[in-house]
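Taking it in order: structure first as structure tokens, then the write-up.
The values are calculated or read from the model by the stated rules, or taken from the named source; none is laboratory data. None of the values given here were measured: they were computed from a predicted structure. FYI the Cβ positions are ideal-geometry reconstructions off the backbone, even for glycines, and counts take in every protein chain you see.
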Amino acid sequence: MSIRGIEHIGITVSDLPAAEAFFINALDASVLYRIVPPEEPEQKVEGEAMRPLNGFPPEMQVTGLAMLRLRNGCNVELFQTSPVTANEKQGISHAGVNHFSVYVDDIQQAGERMRQHGAEMFNGPSDCFAQEEGKGNQTWFGRTPFGVLIELITLPSPLHYDAEATEKRWIPAS
């Protein structure tokens, strides 16, 4: 078995076009394709068809599904459902996947851009600490208008690895 890395992250949103707009405008994402365009209701996917594949509730439908690309990182798959799934505010204290991080070169510019497109930005940028400490190494969290927590991170200085580490942290190429 050869694990190559995370290929995509799936996010369920209440308004697919608005979520697409956020990713495009705030994070320079691009839409690769729309398997279920929200404006084409006849292409919806019934829950019964999805249930055996991933446990999707049979009483629901997928009414929008788009695959986006985050530049030099993984893809983001956006789902819209019917009945509409309420946007929930995720946080570090929630079980399961609670955020994802986007590597940026200019953290101030990226955070302001997220804010301009409706993200609630928390205090920051903040200097990294412990093994991530170094000149210019910073992080900044923001919550999208649809409730997803995104961490911006920049690590221009070398990291400090534990003695038993056999790999180095993966950083997207410039």
Revision key, fill the gap. For HIS117, the lone unmet condition from (1) closer than 24 Å to THR12 by Cα; (2) modelled with pLDDT under 95 is (2)
Study note, to complete from the structure: If you go through ARG4, ARG51, ARG69, the only one that is closer than 19 Å to PHE146 by Cβ, among the basic types (Lys, Arg) and surrounded by fewer than 17 Cβ atoms within 10 Å (Cβ to Cβ) is ARG69
Study note, to complete from the structure: Output for Cβ contacts, cut-off 6 Å, separation at least six or different chains, first residue farther than 16 Å from GLY142 by Cα in the range 3-32, second assigned to a helix (DSSP H, G or I), reads VAL13/ALA19; ALA29/PHE23
Practice item. Go over the candidates PHE129, PHE100 one by one and state the one that is outside the structural domain of PHE22 (by TED's automatic domain parsing) and under 30 Å from LYS44 (Cα atoms). Key: PHE100
Practice item. Would you check if VAL31 is at pLDDT 90 or above, touching a helix residue (DSSP H, G or I) at 6+ places or on another chain (Cβ under 7 Å) and surrounded by 12 or more Cβ atoms within 10 Å (Cβ to Cβ)? Key: yes
Practice item. Kindly indicate whether ALA26 is closer than 16 Å to LEU70 by Cβ, surrounded by 14 or more Cβ atoms within 10 Å (Cβ to Cβ), out of contact with any Cys (no Cβ under 7 Å at 6 or more places or on another chain) and among the small types (Gly, Ala, Ser). Key: yes
Review point. Hey, among the residues in the range 130-174 that are over 20 Å from SER93 (Cα atoms) and among the hydrophobic types (A, V, I, L, M, F, W, C), which one's farthest from the chain's Cα centre (by Cα)?
Key: ALA163
Review point. Any residue at all in the range 106-120 that is closer than 27 Å to ASP162 by Cα and of a type in the set (Lys, Arg)?
Key: no
Review point. GLY91 passes all but one of (1) farther than 30 Å from GLN109 by Cα; (2) free of Cβ contacts under 8 Å to residues at least 60 places away in the same chain; which number fails?
Key: (1)
Exercise for review: Within the range 138-165, count every residue that is part of a loop (DSSP other than H, G, I, E, B) and either of a type outside the set (Asp, Glu) or in contact (Cβ under 8 Å) with a residue 12 or more places away in the chain (or both).
Suggested key: 15
Exercise for review: Return yes when ALA173 is within 22 Å of ARG71 (Cβ to Cβ), out of contact with any strand residue (DSSP E or B) (no Cβ under 9 Å at 6 or more places or on another chain) and either in a loop (DSSP other than H, G, I, E, B) or free of Cβ contacts under 8 Å to residues at least 12 places away in the same chain (or both) and no when it is not.
Suggested key: yes
